[in-house]
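Structure record follows, encoded as structure tokens.
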Amino acid sequence: MGKKVLKIAGRVLIVLLITVVILAGTFYIMLQKCCNGPSKSARSLFVTTILETGQMKFLASLVCSKEEIQEIVNANNMQALEGEVNDSLIQINPGNESNTGNEKPGGETVTEEFDENGIRIEEISGRSFFAKMLIIKDPSQLCVGTTYPWSETGKELSEIVSGSGGIAGVNGGLYVSTGNKGGRPLGVVVQDGKITHNQPGSLPGLYLIGFNNNHILKIKDLQGMSAGDVEKYIKEEGIRDAVAFQDEASDSNNHFVSLILNGEPRKLEGTGSGANPRTAIGQRADGAVLLLVTDGRGASGHLGATASDLIGIMKEYGAVNAANIDGGSSSTMVYNGKYEMTSVTFYYQNSSWKLPTAFVVRPKK
């Protein structure tokens, strides 16, 4: 009886191994046809998209040489946006629950209706993504929620939002995502004026994204700054809540931050990036904050949004300043206790990855 069971188990194992080999071979052939076929744009999109993933970057090297990968990255790059955020361009006016002064491109003035907490949510459909945008009338309601004191394991977005007394939020800054433990942030974290993490030199191209005491969205290049320099900047500029994300393009890393600075959109080569799930933050001239989350990586058949897509959306919604923050499988949105946008990872489709930080919206005072 024992030998018969072992024999059956052996046959099952052989069938499984053959199936895996066939699937892997089919996948490899499809990759080769996609990336080495007549469509250069498909090859470019695949490489730039896969380079933005945390664990799948190696797939690019299966179909392209290192030189070819760098050539594609260079052809889909972004010019730097120089300068600092000009606070005078933002005139905060929380007003009532409606606003008739939001002018869209083409001169159209729209009337907005907000809920009792000064929040509205909009759906956006693009060519290769679906997205939702939270518009928060009063920027003083925005803060950074965290799991501080830091540990190896973070929390789901809904837990961070509720634990911060919030009613809405999106995922925040860069963090160690290995194994989906999500307990350790990277770069810099500021929470209610207190610096809870300060390692600006941990990665190249780090930016600080957050709000000062006047509730202006700041996007600050930290390149070349020491921890002491960062501490001085935070104190002098009155930064109350902030996280960090990375702007650095190469064949091993392809992240970007600045989208619009003082009303000037970032200039792109090609699409500027691959197509992936995204989270972005922006601020209009009237102070209203824009929190955007898109899907991608196969969710609902969508690839995701490119840098060009994000800039286009933020321009359409009147952003004077806007930044891309951590995305991919981390991209998530919570509103009124419900996941409006969830992780594209199969096992977390009704929740989020474990996170150490988030941008949280508190109830109206």
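The values are calculated or read from the model by the stated rules, or taken from the named source; none is laboratory data. In this text the structure is predicted, and so the values were computed from the model without any measurement. No Cβ is skipped: glycine too gets one built from the backbone with ideal geometry, and neighbour counts run over all protein chains shown. Surface accessibility is based on the protein's heavy atoms, side chains included, excluding ligands, DNA and RNA. Shrake-Rupley method; radii C 1.70, N 1.55, O 1.52, S 1.80 Å.
For the stretch 129-142, what are the residues that are of a type in the set (S, T, N, Q) and either open to solvent by 30 Å² or more (accessible area, probe 1.4 Å) or in contact with a Pro (Cβ under 6 Å, 6 or more places away or on another chain) (or both)? Passing the criteria: only S140. When E152 is tested against (1) in contact (Cβ under 8 Å) with a residue 24 or more places away in the chain; (2) under 16 Å from the mean Cα position of the chain (by Cα), exactly one condition is not met: (2). Just to be sure, is N93 open to solvent by less than 30 Å² (accessible area, probe 1.4 Å) and at pLDDT below 95? Here the answer is no, as N93 does not meet what is asked. Can you tell me which residue within the stretch 284-342, out of those that are among the aliphatic types (A, V, I, L, M), at pLDDT 95 or above and assigned to a loop (DSSP other than H, G, I, E, B), is least open to solvent (accessible area, probe 1.4 Å)? That would be A288. Taking the criterion of being in a strand (DSSP E or B), open to solvent by 10 Å² or more (accessible area, probe 1.4 Å) and within 23 Å of L45 (Cβ to Cβ), the residues of the stretch 259-275 that qualify are P265, L268. How many residues are in contact (Cβ under 8 Å) with a residue 12 or more places away in the chain, assigned to a helix (DSSP H, G or I) and open to solvent by 80 Å² or more (accessible area, probe 1.4 Å) when one looks only at the stretch 220-236? Residues meeting the conditions: 1. Any residue at all in the stretch 168-179 that's open to solvent by 50 Å² or more (accessible area, probe 1.4 Å), in a strand (DSSP E or B) and at pLDDT 95 or above? Checked the stretch 168-179: no residue is open to solvent by 50 Å² or more (accessible area, probe 1.4 Å), in a strand (DSSP E or B) and at pLDDT 95 or above. Summed over the stretch 237-258, residues that are in a strand (DSSP E or B) and among the polar types (S, T, N, Q) total 3. Restricting to the stretch 67-82, give me the number of residues that are open to solvent by 50 Å² or more (accessible area, probe 1.4 Å) and modelled with pLDDT of 80 or more. Counting residues in the stretch 67-82 that are open to solvent by 50 Å² or more (accessible area, probe 1.4 Å) and modelled with pLDDT of 80 or more gives 4. Scanning the stretch 148-164 for residues that are open to solvent by 20 Å² or more (accessible area, probe 1.4 Å) and among the β-branched types (V, I, T) returns a single hit, T153. In the stretch 126-145, the qualifying residues are those that are of a type in the set (G, A, S) and modelled with pLDDT of 95 or more, and the one that is farthest from Q191 (Cα to Cα) is A131. Is it true that I160 is among the aliphatic types (A, V, I, L, M), modelled with pLDDT of 95 or more and out of contact with any Ser or Thr (no Cβ under 7 Å at 6 or more places or on another chain)? Spelling it out, it is not the case that I160 is among the aliphatic types (A, V, I, L, M), modelled with pLDDT of 95 or more and out of contact with any Ser or Thr (no Cβ under 7 Å at 6 or more places or on another chain).
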